[in-house]
Structures are given as C-alpha cells and as structure tokens.
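The values are calculated or read from the model by the stated rules, or taken from the named source; none is laboratory data. Predicted model, so just to flag it, every value in this text is computed and none were measured. With ideal geometry, Cβ positions are generated from the backbone for all residues, glycine too; neighbour counts draw on all protein chains shown.
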Amino acid sequence: MELRQLKYFVMSAEYLNFSEAAKHLFITQSTLSQQIKQLEFELGFPLFLRNSRHIVLTEAGEEFLPFARKTIRDAEDGVQRLYDLQNVKAGTLRVGVTYSLSSVLTEGLLSFMRQYPNVKLEICYETVNRLLELLKARKLDFVLSYKPLVDTPEIDTISLFENSLSAVVSSTHAMASMKGITLEELCGYPLVLPSKELQARMMLDRLMQGKGFTLASQVELNETNILLQMVATGNYITVLSASAVFGNSRFKAVPLKEPGNRMVASMLTLKGAYQKASAKEFISILLDTDAVKRRAVIISD
C-alpha cells in the first residue's frame, strides 16, 4: 500500500467520479482506476461500487476513508516538521479571509512578505462557512474571520478584537451624526444588504429573530465593495461590521443598539493539527500590526 494510492482513493471519494478525480490529480483516468483496483486487491475489500455513470463508496470504503485521510495528514505534518526543524522559511502558506476583514489582513500581509520573501502566499477570499470547510479539509492553514455564530468544536480561535454590527452610511448622510440606531428605526431607510451567506447578514438575521417587523432591502449582494460603492452615493444604507469601514473617512458606522450585538474578529485554526512555523510567524505579525491594535483600543474605549 502506497501513500499515493491513499491520495487517489481520498480524491475519488471526494468527487465520486474517477474522471473528475483524475483531472484534479493530473493523471489519466486509466491510471487512477488501476491504482484503486490494486489498493482494493491489497486490502481484500472493494472500496467503490461502480457503474457506467458514477461511483459510490462501499461500507468498507466508508470505514476506511477517515483512516486514509489521517494517514495522509500525518505524512504531510511529518514533512512540515522536518522543514521547520531546519528553520526553513519556505514553502506555501494558505490563508483564508472573509470579505469584511480583508483590510485587517493587508498590513500583516505586506509585513510578512518583506520578512519572508521565500514563502509563497495563497490568499483565499470566501464566506466563513466555505472557509471553515476548506480549513477542516486542511486546504487552508488558518482563517481570518469573525468567530462563527455556531460553536465548532474542531476549531481553535485566537481573538483579535471585538466589533459591533452597524448601519454603514456615507459620511455626508444625515444619520452620520447619530451615536446609535435600533433595527426598528432602520426600517424607514432605503437599504442594500449583504447576502445571506455573509457573516454580517447571518448576525443581522440573528438580531432580527423575534422582532415583529422585517427589514426590506432593494438589493442583496455578496460583494462588500459594491455595497459600499452604493452607500457612497449617499442614497443607501447597508449593515456591516464596524471594522469594514474602520479608518475610511468616506463612511460612518452607526452601531446597532441591540442586545447581543457583539462580533469577535479571530484567527481560526484546526484543533490538534500541526501548525507550520510560517503560520505561527504570520499570526504573530498580524497580532502586532496597527490594523489590529488600533481597532482593539478604539473599540474597547
């Protein structure tokens, strides 16, 4: 049994299609099928049920899959430990970030690139749910996001700063002078809102539970920058974390005066997984940036 065969098996189990799995492995379908058959012969059990259209895992395949994944992870962790023992600051660091915290990442990103020019960075912007999927699949080394609203036992969190959900308006808008606003008061304004898969919207929907009214939006978008462009016209209001426009004089974040309106910007890592030396360095640099420190001081004041 070879590690390569286990990787082929896991990829086939993820796609349940030999053709798609072979494409992502950069091998031919015939090579993949041959290696899977050899693995099944060595194990003495069929791992897949096959027909002309697709494949499904057998009971033996379902049982074997988590062990195959763990073996691959352990091997990858072992290789990474060897790199780290040699203090090699090279390789690839894969970072996930939600749209609303992209500005927080930038300063740390530039500082890390200056200090470790030999480390290749892969930055993935996605929704928090998608980033958590990628983190659990070990396709990301860590994630910069607000702490998930639903407790996730497999994830460790390092808190960066606290934040509140806010009505975001143009700095020239009449609401810009307000110290706070309730959701009910917000009903009378023209709204453009983040779409339901974004974390700010999930938080908003949680705050709306039990209310005797709804917030009607003219547009829902999963792109924060476009929302802010619409707000910049002075005609619309959106609801985002205050951090999304922190330090931007074109906008004002007016906190929502609602119980439970608390968001914690965090670094998310996979519990129990080996953490690369480069990941530890990046997190340390990010914690020391002005982008994080200034938000932590102002929000706590």
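Annotations for the structure displayed:
- Take the conditions (1) surrounded by fewer than 18 Cβ atoms within 10 Å (Cβ to Cβ); (2) of a type in the set (D, E); (3) modelled with pLDDT of 85 or more; E126 misses just one of them, which is (1).
- Each residue in region 248-277 was checked for being in contact with a Leu (Cβ under 8 Å, 6 or more places away or on another chain) and modelled with pLDDT under 85, and 1 pass.
- Within region 58-91, the residues that satisfy the criterion of being at pLDDT 80 or above and either among the hydroxyl-bearing types (S, T, Y) or more than 29 Å from the chain's Cα centre (by Cα) (or both) are T58, E59, A60, G61, T71.
- Restricted to region 162-186, and to residues there that are at pLDDT below 90 and assigned to a strand (DSSP E or B), the residue that is farthest from V245 (Cα to Cα) is E162.
- For region 34-50, the condition holds for no residue, the condition being that it is closer than 16 Å to A13 by Cα, surrounded by 13 or more Cβ atoms within 10 Å (Cβ to Cβ) and under 25 Å from the mean Cα position of the chain (by Cα).
- Scanning region 20-45 for residues that are polar (S, T, N, Q) and either in a helix (DSSP H, G or I) or not assigned by TED's automatic domain parsing to the domain that holds K7 (or both) yields Q29, S30, T31, S33, Q34, Q35, Q38.
- Filtered residues of region 215-237 (kept if in contact (Cβ under 8 Å) with a residue 60 or more places away in the chain and farther than 20 Å from S102 by Cβ): T233, G234, I237
- Of all residues in region 187-214, those that are surrounded by 12 or more Cβ atoms within 10 Å (Cβ to Cβ) have Cβ atoms under 9 Å from Cβ atoms of residues that are acidic (D, E) and assigned to a helix (DSSP H, G or I), 6 or more apart or on another chain, in K196/D205; K211/E184.
- Matching option when the condition is assigned to a helix (DSSP H, G or I), without any contact (Cβ under 8 Å) to a residue 60 or more places away in the chain and out of contact with any Leu (no Cβ under 6 Å at 6 or more places or on another chain), among R73, R69, R81: R69
- Within region 249-272, tally of residues that are surrounded by fewer than 18 Cβ atoms within 10 Å (Cβ to Cβ) and not polar (S, T, N, Q): 9
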